[in-house]
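*Asks:* Encoded as structure tokens, here's the structure I'll be asking about.
The values are calculated or read from the model by the stated rules, or taken from the named source; none is laboratory data. None of these values were measured; they are calculated from a predicted model. Here the Cβ is made from the backbone with ideal geometry for all residues, glycine too, and neighbour counts use every protein chain on show. These accessible areas exclude ligands, DNA and RNA; they are computed on the full protein's heavy atoms, side chains included. Shrake-Rupley method; radii C 1.70, N 1.55, O 1.52, S 1.80 Å.
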Amino acid sequence: MKRITNPLFVFMAIAFLLSATSLVHAQTGRERNTKKAREAAAQSDKAARIFSQIMATREKSIPHDLLDRAEAVAVFPSVWKGGFIVGGRGGSGVISRRVADGWSAPAFFDLGGGSIGLQIGVASTDYILLFMNERAVDSLLNDKFEIGGEGSAAAGPVGRSASASTDARLNAQILSYSRSKGAFAGLELKGVVIKPDNEDNLKVYGMTARDILTGANKISMSEMPEGVRIFPETLARFSRRR
């Protein structure tokens with residue numbers, strides 16, 4: 001077999017292979033980004049829908065005076081919990097922080113935790129957390145934040161007539177709620193760990209959760225990916241500081 005020794009031909013062949021490889025990688029990257037954008041939109045939409053459903057029943061919703069005081073709101077839809085003897089929970093959700101003209105772009109977070117005791121089966125629960133001050137939000141932006149550890153939490157009151165005057169609720173950094181099997185109520189969470197999902201945040205925004213939720217250069221509504229806007233828009237329907 002005759003060997004090809006023409007340097008120009010060899011160079012052109014190598015250039016062609018490199019170009020083809022680059023195109024394949026670029027196409028794969030675009031497909032991943034498109035998929036992640038769809039997942040981010042679906043996550044934001046589900047969180048917005050859950051929040052709207054809960055707030056629609058005023059007698060059993062989060063009191064508006066508490067919501068108006070909150071510095072940030074988290075919604076973790078369909079968190080699974082289950083096990084046999086040794087149990088655990090896990091899920092993902094979104095968190096928006098209050099900004100001058102409404103609410104920030106939703107940053108993506110993961111929720112997890114374990115427990116030991118007599119238990120069996122699997123259940124799905126929606127969680128809503130109100131972060132009541134800047135200190136609570138700042139703690140949240142560490143690599144890993146444990147409720148009941150670094151952050152004091154209390155079961156949030158429910159309904160229009162609920163009193164928010166108890167010391168536990170006034171002093172709590174976080175007010176927590178859950179909805180399971182249609183029932184919505186305050187829930188005291190302990191041992192639950194919340195951490196930023198910066199792999200998703202970087203793919204959707206090119207920013208970490210800390211960058212999204214802090215600093216002067218937060219993402220404006222017009223700059224957010226269209227699919228994720230529904231969550232801050234929904235929060236603004238129920239609470240907008242004047």
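*Asks:* Would you be able to tell me the number of residues in segment 169-179 that are modelled with pLDDT of 85 or more, outside any loop (DSSP other than H, G, I, E, B) and polar (S, T, N, Q)?
*Replies:* Summing the residues that are modelled with pLDDT of 85 or more, outside any loop (DSSP other than H, G, I, E, B) and polar (S, T, N, Q) in segment 169-179 gives 2.
*Asks:* Here's a follow-up. Between a first residue in segment 221-236 that is touching a residue at least 12 places away in the same chain (Cβ under 8 Å) and a second residue that is surrounded by fewer than 15 Cβ atoms within 10 Å (Cβ to Cβ), which pairs have beta carbons less than 9 Å apart while being 6 or more apart in sequence or on different chains?
*Replies:* Taking only residues 6 or more apart or on different chains, the pairs are 221/101; 227/38; 227/42; 234/52; 236/101.
*Asks:* Can I ask one more? Would you check which residues across segment 196-242 are surrounded by fewer than 21 Cβ atoms within 10 Å (Cβ to Cβ), among the hydrophobic types (A, V, I, L, M, F, W, C) and within 29 Å of residue 155 (Cα to Cα) and list them?
*Replies:* If the condition is that a residue be surrounded by fewer than 21 Cβ atoms within 10 Å (Cβ to Cβ), among the hydrophobic types (A, V, I, L, M, F, W, C) and within 29 Å of residue 155 (Cα to Cα), then 230, 236, 238 are the ones that fit.
*Asks:* Within segment 180-195, take every residue that is open to solvent by less than 50 Å² (accessible area, probe 1.4 Å) and touching a strand residue (DSSP E or B) at 6+ places or on another chain (Cβ under 6 Å) and give me the one that is modelled with the highest pLDDT.
*Replies:* So, considering only residues that are open to solvent by less than 50 Å² (accessible area, probe 1.4 Å) and touching a strand residue (DSSP E or B) at 6+ places or on another chain (Cβ under 6 Å), the one modelled with the highest pLDDT is 194.
*Asks:* Do the conditions hold for residue 203, that is, is it in a loop (DSSP other than H, G, I, E, B) and in contact (Cβ under 8 Å) with a residue 60 or more places away in the chain?
*Replies:* no
*Asks:* Can you name every residue in segment 123-148 that is aromatic (Phe, Trp, Tyr) and either under 17 Å from residue 50 (Cβ atoms) or open to solvent by 70 Å² or more (accessible area, probe 1.4 Å) (or both)?
*Replies:* 127
*Asks:* State all residues of segment 35-64 that are open to solvent by less than 40 Å² (accessible area, probe 1.4 Å) and hydrophobic (A, V, I, L, M, F, W, C); if no residue qualifies, say none.
*Replies:* Of everything in segment 35-64, those that are open to solvent by less than 40 Å² (accessible area, probe 1.4 Å) and hydrophobic (A, V, I, L, M, F, W, C) turn out to be 40, 41, 47, 48, 50, 51, 54, 55, 62.
*Asks:* Please list, ordered by first then second residue, the pairs with beta carbon atoms under 9 Å, 6 or more apart or interchain, first in segment 127-149 and within 15 Å of residue 210 (Cβ to Cβ) and aromatic (Phe, Trp, Tyr), second open to solvent by less than 10 Å² (accessible area, probe 1.4 Å) and modelled with pLDDT under 85.
*Replies:* Correct list of pairs: 131/151; 145/151.
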